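*Asks:* Quick one: the structure is below, and I'll ask about it shortly.
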Amino acid sequence: MSRLDEHAEIREQLALFVAGALEADAESRVALHLATCADCSAELEGWQLVTGGLRRLPTPQAPAALFERTRALAMAQLAEHREQRRNRIVLTLLILFSWAVTLAGWPIFRFATGGLLSLLDVNFRQTWLLFVVFSAGTWLAGGSAAVLLSLGRQHERRLV
Amino acid sequence: MAASIASVWEGRLGIDAAVLQLRRGDPDALATLMARYQHRIYRYLLRLVRQPADAEDLFQQTWIRVAEKIRSFDTSRNFDAWLFTLARNLALDHLRRRRPSSLEGSSGGDSPEDTMVSRLRSADPGPFEQLLARERAGRLAVALESLPLSCREVLTLRFEEEMKIEEIALVLATPVATVKSRLYRSLAQLRQILETGAGGEVRA
């Protein structure tokens, strides 16, 4: 590469050089060239005036009232999320508990009422059906209550 | 590029304790982070939207979004880049809703008297040297404001926020090479405006 070509190429890189955006090897080449080229050094000063000015621009300050207002809003948001997370955990535990009770209830029910059912001549198929109807009814009532609560909550949020 | 971006993430693995505490829902950590980043986020938003009232609105939205999304923040990543990306996305949505053409960077605002530049000019007077410096800063701020959005944001991220090129690439979701070419173009436009005194509209 001729000296003239190198000069033109380096000159093109001066803006990125002052911006610290060149790779290490390119940066070294520019630094070497600058040591011997007064023209590029003068050009570099022009770029440094621009970038130095940008670095020294006064920082606009966020108003104190804005900070306080935002902090209160963000805290409220954080608290709401915490509550939602806690509610989800409680709901999950309740569902697991309900399933455990439902599944454990059947053998307990059969064991506890075995003698009585035999007296009433209720056979296995009938107890099984009773159990299914009872469980389905319970879950249907629980599900309906959850939907109603959720709708009510959404309505409350819209009002807020 | 992937390697350089990965090195930025790895360099930030010493995660801020306040970020970890906030992920666990600690309100004090939110206050700590807000105090630390408030002026930087406000300045960045002001550079993007130019109107202080809009910047204040977006500032609020940004921190509410932080409170909403902090649990989804991956602690192996760069919190600064994540935070500035949130702010940027909100600002771009705002500009799109308000006036799609503003994304291209017109120099006019709804109330030019209340812009970032007017704030700089109306600051308290000080000694003579400070006034001169303020005058120069005012001229530079005028020139910066007249640049398109893509130029303003890359300049403020590099020279005011002092982010590395790789970090800027993460915030802007663009390759490092694009950031460099945008940086070069932005500096060239800014210098041209300052040297020729042309403060009019400049488009990328």
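The values are calculated or read from the model by the stated rules, or taken from the named source; none is laboratory data. Predicted model, so just to flag it, every value in this text is computed and none were measured. Ideal geometry is used to build each Cβ from the backbone, glycine not excepted, and the neighbour counts take in all protein chains shown. For accessibility, only protein heavy atoms count, side chains too; no ligands or nucleic acids. Shrake-Rupley method; radii C 1.70, N 1.55, O 1.52, S 1.80 Å.
*Asks:* Would you calculate, for chain A, the mean residue ellipticity at 222 nm contributed by helices, counting each DSSP H stretch of 4 or more residues as -39,500 (n - 2.57) and dividing by all residues, to the nearest 500?
*Replies:* That comes out to -31000 deg cm²/dmol.
*Asks:* Shifting gears a bit: Give me the percent relative contact order of chain A, please, defined on Cα pairs under 8 angstrom at least 6 residues apart.
*Replies:* After rounding, I find 14 percent.
*Asks:* Chains A and B: what accessible area do they bury, summed, in square angstrom to the nearest 100, with a 1.4 Å probe?
*Replies:* 3800
*Asks:* Here's something else I'd like to know. Among A:38-49, B:31-42, how do they line up from the highest to the lowest mean number of other beta-carbon atoms within 10 Å?
*Replies:* Output ranking for A:38-49, B:31-42: B:31-42, A:38-49.
*Asks:* Let me ask something else. State whether the stretch A:28-99 is rounded, prolate or oblate according to the following rule on the C-alpha gyration tensor (a ≥ b ≥ c being the square roots of its eigenvalues): a/c under 1.5 gives rounded; otherwise a/b larger than b/c gives prolate, and the remaining case gives oblate.
*Replies:* Taking the square roots of the gyration eigenvalues as a ≥ b ≥ c, the stretch A:28-99 is oblate.
*Asks:* Shifting gears a bit: At residue A:90 and residue B:31, where each label point lies 7 Å from the Cα along Cα→Cβ, what is the point-to-point distance in nanometres?
*Replies:* My value for the distance between the label points is 2.6 nm.
*Asks:* So what is the diffusion coefficient of the stretch B:22-104 in µm² per second by Stokes-Einstein at 4 °C and 1.567 mPa s, using a Kirkwood Rh over Cα pairs?
*Replies:* Translational D for this selection: 98 µm²/s.
*Asks:* Now a separate question. What are the radius of gyration and Dmax of the stretch B:130-183, computed over its Cα atoms and given in Å?
*Replies:* Radius of gyration, then largest Cα-Cα span, for the stretch B:130-183: 12.9, 40 Å.
*Asks:* Additional query: Just subtract the alpha-carbon distance of residue A:156 and residue A:55 from 0.36 nm times their residue separation and send over the number in nm, one decimal.
*Replies:* 31.5 nm
*Asks:* Let me ask something else. Name the shape class, rounded, prolate or oblate, that the alpha-carbon gyration tensor gives for chain A, where a ≥ b ≥ c are the square roots of its eigenvalues, rounded holds for a/c under 1.5, and otherwise prolate holds if a/b is larger than b/c and oblate otherwise.
*Replies:* It comes out prolate by the Cα gyration axes.
*Asks:* How big is the stretch A:25-69 by Rg and Dmax over its Cα atoms, in Å?
*Replies:* 18.8, 57
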